[in-house]
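Bear in mind these aren't lab numbers, they're just calculated from the coordinates by the rules spelled out. Since the model is a prediction, treat every value here as computed from it, not as a measurement. Heads up, the Cβs are rebuilt from the backbone with ideal geometry, glycines too, and the neighbour counts pull from every protein chain shown.
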Amino acid sequence: METLLEQIEHGKLWQFPGGIHPPEQKSVSNQASIGRIPLPDYLVLPLKQHIGANGQLLVNKGDSVLKGQALTRPGANWSLPVHAPTSGVISDIKPMPSAHPSALPELSIVLTPDGEDSWCELCPVSDYTQLDNQALIDIIHHAGIAGMGGAGFPTYVKADSAKHKPVEFLVVNGVECEPYITADDLLMREHAEQIVQGIEIMQHLLSPEYVLVGIETNKPEAIQAMTAAAAHNSKILIRGLPVKYPSGGEKQLIQVLTSKEVPSGGIPADVGVLVQNVGTLFAVSEAVCKGKPLIERVVTVTGNTIQTPQNVWALLGTEIKHLLTCQGFEPVAEQRVIMGGPMMGFTLPTVRIPVVKTTNCILAPDNQELAVAGSEQACIRCSACADACPQTLLPQQLQWFAKGKEYDKLEEHNLFDCIECGACAYVCPSEIPLVQYYRVAKAEIREQKLEKVKAERAKERFEARKERLEREQEERQNRHKRSARSSTRSAEQSDKVSAAMERVKQKKDSQSAVQAAIERAKAKKAADGTLEPDNSEVALERAKRKEKARQYKAEKDAQAAPEMHAGGEGSRKDAVAAAIARAKAKKAAQQNDATDSSAVTAEDPRKAAVAAAIARAKAKKAAQQDDQPAQQQSDEADSDPRKAAVAAAIARAKAKKAAKETEQSTDAEPAETSAEPEDPRKAAVAAAIARAKAKKAAKEAEQQADSESAGTDAEPEDPRKAAVAAAIARAKAKKAAKETEQSTDAEPAETSAEPEDPRKAAVAAAIARAKAKKAAKEAEQQTDAEPAETSAEPEDPRKAAVAAAIARAKAKKAAKEAEQQTDAEPAETSAEPEDPRKAAVAAAITRAKAKKAAKEAEQQTDAEPVDALQSTHEAPLSAEEKRQAAIKAAVARAKAKKQAAAEDQEGNDPS
Amino acid sequence: MKLTMASSPHNHSHKTLSRLMLTVIAACIPGILLQSYFFGPGTLFQLLLALLTVSATEAAMMKLRNRPVWPILSDGSAWLTAVLLAVSIPPLAPWWVTVIGCVFAIAIVKQLYGGLGFNLFNPAMAAYVLLLISFPVQMTSWTPITEIQATPLSAFDQLTLIFTEQTLSGVPLAEARQVIDGTTSATPLDHVKTAVSQNLTVSEATDNVAFGDYAGQGWQWVNLAYLLGGLYLLKTKVINWHIPVAFIVTLAVCSGIGYVVSPATQAGTLFHLLSGATMLGAFFIATDPVSASTTNRGRLIYGALIGLLVYLIRHFGGYPDAVAFAVLIMNMAVPLIDYYTQPRTYGHGASS
Amino acid sequence: MTLFYALIAIGALALAFGLILGYAAVKYRVESNPIVDQVDAILPQTQCGQCGYPGCRPYAEAIANGDDVNKCPPGGEATVKKLADLMGVEAKPLAGGEEAEPIKKVAYIREDECIGCTKCIQACPVDAIVGATRQMHTVIADECTGCDLCVDPCPVDCIDMIPVAQTVQTWKWQIDAIPVKQID
């Protein structure tokens, strides 16, 4: 019995199961020698052209670079550099479509050649045997060499693997089993010496028992050239392999040459084998002996639509379009351009995709030579696919599971051992795109696994947080008990208070700069107005989504019980009319509003900000209110949902327009604010409050609308009166809301004006907030009690609508008047509630809230910023101090950055 | 310029489903020709009738399921079912037997399970068994070969027999099927079985005008023709060798042992191999991909068990031939066989 | 007499099988997760509260006690189906008419608008927001479950839910869906 080594020495070859014999089509492109093409107008170099991480950019836009100059610096995680393929100027650095089946954009460097093609300084090694392994590996690493057979695995990592496990066989892959591709064939014919030199460098690094060079017997010239070049080295064995696809697959080649099988999920090194492509070895030889980094490669340009199919030296980054044009490209209908071979290559969505390190072939077939796939038919379980599978999988079973999304079963049937060679789909009589099914399933499984990990982490964090909250609660209770017991409480506390006040003062001083920065940033944002519409867009989107869901529900309801809705055709029309009227009234009101406020704010920047915020809030409210009636309509649109939808859309559009109008006017105002930064802090606070109010108002409006729609179906009698009454009621509610708003507005302003007594200020602020809330609630309750709604009326709908609109407009005017009044006399107006009982309740609530707020304020002022930080994320991280420290550092960094930005801003700001 | 996107591989072997099915049908032709040469053109009439019926049934089912008719019909699988059923039915069976069989095969066995690829059982054989159980008289009385027919039947006679159950001149079906020596015709397998049950030896039973050198007159040649078609299928790689080889070898071994043990009551190996539907079953019926095992080891087991069942039923069972029953029984065992015969995937388990 | 023997035989058989079954039940007992854990493992752990329970675990407990399985919008139809399979009930469409395939989102704080109120930090169920009082906050995108809970409490509306962008790594081979942006 011969040992494995002896068998290999004697030239024994093994078989792998399955495999197919597609038409080879190699002679199309292997007749001419490797050509050179003119420099393209520009080169696109993706930072990532291999498996692993990006390098770090070394150049900036506008830099001039020399040929061979490194553009990125490799870091950890298998990252590789990219080099300038020719001399020129970096014209841009931006995401460009990548050489990936998805063509999703990836960060790329755009290089405009200067035509000089002048090299940077190269440092070739005259005798690599003098270098130690690490130096050689560094050369390979910094030359940016990745596996050029297709996968793009960093070569230096492979070369380094001998450290961990001895390499018994170095397998050189010159099989090139894919039809059409002849890049390796031609390279072996023309540059056999350099390839052998590359092999010897790897031999020097890895010292394997034997080097096995696998070349399919359909490349006799290549075999001859390689045999001649390797004649001096008895350790290099050239093997002609029987032609069968996919014998060039890494696993299959290892099996054929050594009879070994790479374990599932493992790498060839696990069985003492290392595989290198001939192109890679050529690049290694160039890098070591000539000092040239990887900047070009052989690409086969072939297919029936190419006039001169041939292999060419293509600079990395050359667009496919340039390659095709140089070789003469005559596209046909439904043209496909494939990067790679016909079995495993992928079609390109555009020809403006660059050649990367793994691009071995550009195939532009017509529809006769490679027929477009027919329609998928039923699987007849003929298992021709299983017979063709080189991995002995059961493709047909996998396909059933993939279609049924049975991912557990797929893994059980070793889906992840599939090499996606396409043999199964090639033989399938039903033309099922099997590989596509597997790819989708694989991607899905990978994502699910990631998600699982993420869910697990989320759960951990959630539980840690819950624990922390419970602990805090307990601590708080303990503290309470303790403080109740202590007798010297009052004295201590007063001490504490004064100390706290001191601290707060200091803190305020230090923070004023930050706040000023925030304020300025805000002013700037408002001025250029880019972020604002962005915001509204998102909000609108969210609202739309929710509305859609609601509409869907409403439709379903309508289908289920059309008789539920009292109103028929008439009431729907009413609703539409009412909505339009309302929208118009609102728009008018807002316009007045906006102009009013802008007039007022001309002198006082602070007031201006407040007014602007109010205006924005109104706009938002209006938008939402209009949305609401629209929804109402759809509720009622049992007979003709389409019309209702159209009407709703119109109403919404109008609301949007109104919102934009007010926004524009508000946009103008903050600009003024920034002109007078006398009291930036106050302004910031005011702005924040204003925004908070805006939100509240929006919510109120929503609630109102909700209650309105609730009232809709309830009362169909005497609609006109009811409508007027409703409008009045609403107006009152609004007035009340605004009153409180105004008063709260005034108070916080005061608060910030008196920094001597922070505690009082906090209390006041809390009271103000509470009042605002109370008002909101009152308004809500009132609207709840509202008897009817215009849209429900069956008779005389138009008049009613008009009346309602007028009433509403009046109400608004009244509200505004009241507003102005309350500005003058805040005490009086706030004492004006209509319902004494409610007021009493509200007052009680306010008091309670004020208390709580005061306490909170105290705690806040007590706590130093660092403390606060700790309390924020102590919980999930407390176990791992390291991580906590890291996050703290991150926050600190963020702060520093913000501060820097603020300073920057200050510097930039002329005033 | 808009580029077309597609998933790899971008090439195909051009062996499509319909080509596969039509190849199988073509491989049946020598058998069909010999069959109609020996037993009269009745087989051809049955074939035509079956083809029409399955086409109509399939089209109707597709309409009911709201699917396009032509793409499904043109895959040829229904026509193959028609061919297999038509050659299994006695040439002079009444027309409604064929029609019922075809409708049952397509509508119930195939489409109700979800169409091509989803049927658990071989449609042709399921229909054959249905007919055999429901209409035993019509299904078991085979026509004698033309040379020994008591009343010579013209092609037109056969046609009218199929549709009216009597010839133009009024000869009823039973009489038309009589052999010259006055006995009614049965298949050679049936004949031997009856003889053995009457305590005759096999050699006495086969000493009859209806028997040739190895098996029944005509039957042996028909079987050889199907063998030829089967070899063609193997050569064109439409079917794998596993099932037919396992089937034939097992049947040969079993019948050989039986003959050695009891030559008087057991027919010889050649008789088994060249009688009934042995070759048709081995190459055309058991190899139906949809209902057969899908792994290579599974196919060996599947084929061997069919062979064993055929022998056991022929010898010990109540029915003279057994291919249909054996295939249906093994169809039921396929999921189990497949589950336990999954091949070892590359890189899994022990290897050098 | 025959009757007597028959009774004895059947009794003995019943006893024997009973013993065998009892032994098998003890010997081959499969330790299975309590149903709550199994349900919890299926839920997406966004802790978003859209089901009406404060977190995934409480909802898991509710499901185990017979609540509907269709209240988890972030999980989408897939989760509903899995839960229905596990609980042996019929899968219903998601409550609230949400889409079947939820779009994955993460929160994003517009940092120049953040006033540092810590409200979102308090709202975040997985502590994925960092920041301190009066300091701007930021979201740790990797830890964010996209639960939406921080959006409402924000007094200045500076938090957006941004759909997670697709990358080459997360692309799922939707070949037909590649936007063709041909220049010429």
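For chain B, the direction-averaged projected area of the alpha-carbon convex hull comes to 22.8 nm². Remark: spin-label model distance residue A:193-residue A:313 equals 1.5 nm, labels positioned 7 Å along the Cα→Cβ axis.
Each Lys or Arg adds one and each Asp or Glu takes one away; over the other residues whose Cβ falls under 13 Å from the Cβ of residue B:303, this sums to +1. Working from label points 7 Å from Cα in the Cα-to-Cβ sense, the residue A:41 to residue A:445 distance is 4.6 nm. With the simple spin-label model, which puts each label point 7 Å out from Cα in the Cβ direction, the residue A:325 to residue B:137 separation comes to 8.6 nm.
For region A:40-52, the Karplus equation 6.51 cos²θ - 1.76 cosθ + 1.60, evaluated at θ = phi - 60°, returns couplings of x, 5, 8, 10, 10, 10, x, 5, 10, 10, 8, 7, x Hz by residue, with Gly and Pro reported as x. If the chain linking residue A:151 and residue A:463 were pulled fully straight, counting 0.36 nm for each residue of separation and taking away their Cα-Cα distance, it would gain 108.1 nm. To test your reading of the geometry: what angle, between 0 and 90 degrees and rounded to tens, separates the Cα axis of helix B:155-164 from the longest principal axis of chain B? So the inclination is approximately 80 degrees.
The order of the peptides B:332-343, B:46-57, C:34-45 by mean Cβ neighbours within 10 Å, most packed first, is B:46-57, C:34-45, B:332-343. Take each residue of peptide A:466-473, count the partner chain Cβ atoms within 10 Å of its Cβ, and average: the result is 1. Per residue of chain B, the DSSP helices (runs of n ≥ 4 H) give a summed -39500 (n - 2.57) that works out to -17500 deg cm²/dmol at 222 nm. The relative contact order of region B:48-178 comes to 23 percent, based on Cα pairs under 8 Å that sit 6 or more residues apart. Of A:459/C:105; A:260/A:405; A:409/A:442; A:158/A:251; A:219/A:244; A:48/B:2, which pairs sit farther than 22 Å apart, going by alpha carbon to alpha carbon? Going by Cα-Cα distance, A:260/A:405; A:48/B:2 fall outside the 22 Å limit. Would you please classify the overall shape of region A:208-270 from the alpha carbon gyration tensor, given that a ≥ b ≥ c denote the square roots of the eigenvalues, rounded means a/c under 1.5, and beyond that prolate means a/b larger than b/c while oblate covers the rest? Judged from the Cα gyration tensor, region A:208-270 comes out oblate (a/c at least 1.5, b/c at or above a/b). For peptide A:384-395, the mean count of partner chain Cβ atoms within 10 Å of a residue's Cβ comes to 4. Taken residue by residue and averaged, Cβ atoms of other chains lying within 10 Å of the Cβ of A:430-442 number 4.
Between residue A:3 and residue A:403, the C-beta separation translates, for a Förster distance of 60 Å, into a calculated FRET efficiency of about 0.80. Gain on full extension, evaluated as 0.36 nm per residue between residue A:51 and residue A:224 minus their Cα-Cα distance, stands at 58.9 nm. Mind listing which GluC sites (Glu not before Pro) in region C:1-90 are in a DSSP loop and have 14 or fewer other Cβ atoms within 10 Å? Filter output for region C:1-90: C:31, C:90. Hey, what angle do you get for helix B:42-64 against the long axis of chain B, alpha-carbon based, 0 to 90 degrees rounded to 10? That helix lies at roughly 40 degrees to the long axis.
Span-like helix check, chain C: qualifying full DSSP H segments, with Cα axial length of 15 Å or more and mean Kyte-Doolittle of -0.5 or more, are C:2-27, C:76-87.
Applying 0.36 nm per residue to the separation of residue A:334 and residue A:476 and subtracting their alpha-carbon distance, the gain on full extension is 43.9 nm. Report note on the peptides B:263-273, A:27-37: ranked by the mean count of other C-beta atoms within 10 Å, highest first, their order is B:263-273, A:27-37.
Of the GluC sites (Glu not before Pro) found in region A:1-59, the ones in coil according to DSSP and having at most 15 other Cβ atoms within 10 Å of their Cβ are A:2. Normalised size of region A:272-340, defined as Cα radius of gyration per 2.2 N^0.38 Å with N residues, equals 1.40.
Please find the FRET efficiency linking residue B:22 to residue B:340, where r is the Cβ-Cβ separation and R0 is fixed at 41 Å, and quote it to the nearest 0.05. In this case the efficiency is close to 0.75. Between residue A:248 and A:177, the built amide H atoms are under 5 Å apart, and every one of these is 5 or more places off in sequence or on another chain. Which parts of region A:328-353 would a label at residue B:4 reach, counting a residue when its backbone N lies under 20 Å from a point 7 Å out along Cα-to-Cβ? Under 20 Å, as judged by backbone N against the label point of residue B:4, lie A:329-352 of region A:328-353. Calculated [222 nm] ellipticity per residue, helices only, for chain C: -10000 deg cm²/dmol; basis is -39500 (n - 2.57) per DSSP H run with n ≥ 4, divided by all residues, nearest 500. Give me the net charge for the shell around residue B:85: Cβ to Cβ below 15 angstrom, other residues only, Lys and Arg +1, Asp and Glu -1. Counting the neighbours of residue B:85, the net charge comes to -2.
Compute the label zone of residue C:108 within region C:156-172: residues whose backbone N is under 15 Å from the point 7 Å along Cα-to-Cβ. The answer is C:158-167. Overall dimensions of region C:83-146, expressed as equivalent-ellipsoid semi-axes from the Cα gyration tensor (√(5λ), whole Å, largest first), are 35, 12, 10.
Dipole magnitude for region A:268-327: computed about the Cα centre from +1 point charges on Lys and Arg Cβ and -1 point charges on Asp and Glu Cβ, it is near 160 debye. Based on the alpha-carbon gyration tensor of region B:209-265 and its eigenvalue square roots a ≥ b ≥ c, which shape applies: rounded if a/c is under 1.5, prolate if not and a/b is larger than b/c, or oblate? Taking the square roots of the gyration eigenvalues as a ≥ b ≥ c, region B:209-265 is oblate.
With a Förster radius of 45 Å applied to the beta-carbon distance between residue A:376 and residue B:329, the computed FRET efficiency rounds to 0.90. Here the Karplus curve 6.51 cos²θ - 1.76 cosθ + 1.60, taken at θ = phi - 60°, turns the phi angles of region C:156-171 into couplings of 10, 6, 9, 10, 10, 9, 9, x, 5, 6, 7, 10, 4, 6, 9, 5 Hz, with x standing for Gly and Pro.
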